[in-house]
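Participant: Mind having a look at this structure? Questions to follow.
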Amino acid sequence: MFNDINIFVGPAVHSDSPEEITCFPKVAIAVKDGKIVDFAKDGDIKNIKKIEVSKAKVIKLEEGQFLCPGFLDIHLHAPQYPNIGLGYDKPLLDWLRLYTWPLEMRYSDTDFAKQVYESVVKSTLRCGTTTACYYGTIHQESSFILAEIASRYGQRAIVGKVNMNQNSFPEYIETTEASLADTKEFIEKVIALDNPLVEPAVTPRFAISCNFDLLKGLGELAKKYNAYVQTHLCESKSEIAYTEELFPECKNYTDIYHKSGLLTNKTILGHGVYLSEEDCKILSSTGTAIAHCASSNSVLQSGLCPVRDIWEAGVTIGLGTDVSGGSNLCILDAMRSALTTSIHLAFTKSDYKPLTYHEVFYLATLGGAKALSKEDQIGNFKIGKCFDALLVDMNLGSPAGVFPSHDVVDLIQKFIYCGDDRNIKEVYVNGKVVSRR
C-alpha cells in the first residue's frame, strides 16, 4: 500500500468510447494510494477537493508532454522474445515447427528463462505496456518465474503455463495428467504470490496441440479458480482446416472451446481472422474477447482480420503484439498495424469502413480493459480507477516534428502515428513509477 499523494497537472487524453479520444488541454489528476481520487478538468488544483492539496506532490507537465492511460497488450508470447524478426518467410504452422517450438524447449533451463523474462518485462514496461497477457511455455517452473518477475517489477500481468499434449515434438509435449497437475500447481503458486496485479491464466496453446480430455480438464480448472483463459482461434486457413479434422464431433473451431467450458468473460482468444457469423454469436453470448494481432497476421501470412465486422457483431476486442509472431513489443506498432490492415480491407471490400486513430487508441486502452473485464479498474482516467498511466514527451526520441503550435489533439495523433518507446518518459502502474527514462 502506498502513502503517496500526487497531483498531475497538464494535458491529458483518454477514451470514454471508441468514437473519439477525449483531449484535455489542462487537467489536474489527484492520485492517492494508487487510485484516482479527483479530477479537475480545468487544471486548477484549487478544485481538487477530495485530498489535502498541501500534502500532495504536484507534478507539472512541460510543453510537448501529456498523460495517457497505460497500454494493454492482451496477447504476447514472452518466451518467443529472442525470435523477434526471425522466420517471417514462413507461414504459421511451419514457423511454429521450425522456429518457435525449438526455442520454447530451452525454457526447461530456468537460468535462460530468467534472463529472457527479465528482458521482456522491462522492455514491455518501457514500451508503455502497463498490463500484459503473457504466454509462458509448458514448463511450470519457468512460467512461474515469469509471474514472479512481473510481480517484482510492478507490472499488471496475466500469466499462463502453456498446455500441449499432442502434435508437437516428442521432446516438447506433456501427458494429459501431468499437464493438468502442473497447471493446477502453477495457478496456486501465482495466487500465493499474493499480488493482486498478477493473476494466473489457463493457457492451452491451441486446439491442435490439446486433445478433448485436456481441454475439458482445463475448462474445469478455469471454473474452479475463476481463472483467465487464453488461447488461439481461427488464425490461419490451414490451422482451421487441421483443427476441424482433429475434432469432427464439433461444429467448428469455436465450438471446440465452447464444449470444453473454456469460453467465459475472462477468456481472450488470439487473432480471430476468419470468424463466421455463428462464431461471433457464441463469442458475444459468452463475453469472450478477441485479441487483434494485425502485425503477426500479416508477417506470418495468416490474413487480414475484419475488426469492424467482429466488433459490430458484439464481440469485445483488444490489441495484442503477439511477439514474436509480431515484430514489435510496443502497442503503438499494434495500433498502426491495425489501422493499416483496416485500410487494406477497405480497398477490397467496398462496404468496409477503415478503423480510425480514435478507435485503435480505444482498443489499446479502455477496449483492452473491457476485453479483460477490468474496465471498472483501468483503461482511462475516471475517478475511482487505478492510475495506470504514461507520461508521454513528444520532444524526446522519434522525430515527430513537434512545435509549440501543436495542441494536445495534435500530440496524440503524432504519438500514435510517429511515436515509439523513446517518447514514453514515465510509466505508472497503480500509481507507482515502474519505468522511467
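The values are calculated or read from the model by the stated rules, or taken from the named source; none is laboratory data. None of the values given here were measured: they were computed from a predicted structure. Cβ coordinates were reconstructed from backbone atoms using ideal geometry, including for glycine residues, and neighbour counts include every protein chain displayed. For accessibility, only protein heavy atoms count, side chains too; no ligands or nucleic acids. Shrake-Rupley method; radii C 1.70, N 1.55, O 1.52, S 1.80 Å.
Participant: For residue 433, work out the one condition from (1) within 16 Å of residue 124 (Cβ to Cβ); (2) open to solvent by less than 40 Å² (accessible area, probe 1.4 Å) it doesn't fulfil.
Facilitator: (2)
Participant: Those residues that are in a helix (DSSP H, G or I) and either at pLDDT below 95 or surrounded by 23 or more Cβ atoms within 10 Å (Cβ to Cβ) (or both), I need them from region 188-206; list them, please.
Facilitator: Scanning region 188-206 gives a single hit, 190.
Participant: Name the single residue that is surrounded by the fewest Cβ atoms within 10 Å (Cβ to Cβ) among those in region 165-185 being among the acidic types (Asp, Glu) and not in a loop (DSSP other than H, G, I, E, B).
Facilitator: 177
Participant: If you don't mind, another one. I need the helices (runs of 4 or more DSSP H) fully contained in region 306-413, keeping only those with at least 2 residues that are in contact with a Ser or Thr (Cβ under 8 Å, 6 or more places away or on another chain) and either open to solvent by 50 Å² or more (accessible area, probe 1.4 Å) or not hydrophobic (A, V, I, L, M, F, W, C) (or both).
Facilitator: On the way: elements: 307-312, 331-348, 357-364, 366-371.
Result: 331-348, 357-364, 366-371.
Participant: Confirm whether residue 97 is under 14 Å from residue 77 (Cβ atoms) and either at pLDDT below 95 or charged (D, E, K, R) (or both).
Facilitator: Numbers: under 14 Å from residue 77 (Cβ atoms): no; either at pLDDT below 95 or charged (D, E, K, R) (or both): yes.
Here the answer is no, as residue 97 does not meet what is asked.
For every residue, the table says whether it meets (1) touching a residue at least 40 places away in the same chain (Cβ under 8 Å); (2) surrounded by 14 or more Cβ atoms within 10 Å (Cβ to Cβ); (3) within 26 Å of residue 403 (Cα to Cα); (4) touching a helix residue (DSSP H, G or I) at 6+ places or on another chain (Cβ under 8 Å).
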{"position": "28", "(1), (2), (3), (4)": "no, yes, yes, yes"}
{"position": "31", "(1), (2), (3), (4)": "yes, yes, no, no"}
{"position": "35", "(1), (2), (3), (4)": "yes, yes, no, no"}
{"position": "39", "(1), (2), (3), (4)": "yes, yes, no, no"}
{"position": "42", "(1), (2), (3), (4)": "no, no, yes, no"}
{"position": "48", "(1), (2), (3), (4)": "yes, yes, no, no"}
{"position": "51", "(1), (2), (3), (4)": "yes, yes, no, no"}
{"position": "59", "(1), (2), (3), (4)": "yes, yes, yes, no"}
{"position": "79", "(1), (2), (3), (4)": "yes, yes, no, yes"}
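Participant: Let me ask another. With in contact with a strand residue (DSSP E or B) (Cβ under 7 Å, 6 or more places away or on another chain), more than 24 Å from residue 250 (Cα to Cα) and not charged (D, E, K, R) as the only criterion, which of 218, 197 stands out?
Facilitator: 197
Participant: Say we look at region 103-129 and pick out the residues that are farther than 27 Å from residue 415 by Cα and in contact (Cβ under 8 Å) with a residue 60 or more places away in the chain; which of these is nearest to the chain's Cα centre (by Cα)?
Facilitator: The first filter runs over region 103-129 and keeps only residues farther than 27 Å from residue 415 by Cα, leaving 103-117.
Then drop every residue that is not in contact (Cβ under 8 Å) with a residue 60 or more places away in the chain, which leaves 104-105.
Working: 104: 20, 105: 24 Å.
Of everything passing the filter in region 103-129, 104 is nearest to the chain's Cα centre (by Cα).
This table checks each residue for (1) in contact with a helix residue (DSSP H, G or I) (Cβ under 6 Å, 6 or more places away or on another chain); (2) polar (S, T, N, Q); (3) under 18 Å from residue 153 (Cβ atoms); (4) in a loop (DSSP other than H, G, I, E, B).
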site: 98; (1), (2), (3), (4): no, no, no, no
site: 101; (1), (2), (3), (4): no, no, no, no
site: 106; (1), (2), (3), (4): yes, no, no, no
site: 113; (1), (2), (3), (4): yes, no, yes, no
site: 117; (1), (2), (3), (4): yes, no, yes, no
site: 120; (1), (2), (3), (4): yes, no, yes, no
site: 125; (1), (2), (3), (4): no, no, yes, no
site: 134; (1), (2), (3), (4): yes, no, yes, no
site: 138; (1), (2), (3), (4): no, no, no, yes
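Participant: Restricting attention to region 416-430, which residues are crowded, with 17+ Cβ neighbours inside 10 Å, more than 21 Å from residue 385 (Cβ to Cβ) and not basic (Lys, Arg)?
Facilitator: Selection gives 416, 418, 419, 420, 421, 423.
Participant: Would you be able to tell me the number of residues in region 220-249 that are in contact with a Phe, Trp or Tyr (Cβ under 8 Å, 6 or more places away or on another chain), touching a residue at least 24 places away in the same chain (Cβ under 8 Å), assigned to a helix (DSSP H, G or I) and not β-branched (Val, Ile, Thr)?
Facilitator: Residues that pass the stated criteria total 3.
Participant: If you don't mind, there's one more thing I want to ask. What about residue 274, is it closer than 26 Å to residue 306 by Cβ, part of a loop (DSSP other than H, G, I, E, B) and either open to solvent by 30 Å² or more (accessible area, probe 1.4 Å) or basic (Lys, Arg) (or both)? First the steps, then the outcome.
Facilitator: On the way: closer than 26 Å to residue 306 by Cβ: yes; part of a loop (DSSP other than H, G, I, E, B): yes; either open to solvent by 30 Å² or more (accessible area, probe 1.4 Å) or basic (Lys, Arg) (or both): yes.
The answer is yes for residue 274.
Participant: Please work out which residue is nearest to the chain's Cα centre (by Cα), limiting yourself to region 277-303 and to residues that are assigned to a loop (DSSP other than H, G, I, E, B) and surrounded by fewer than 19 Cβ atoms within 10 Å (Cβ to Cβ).
Facilitator: 287
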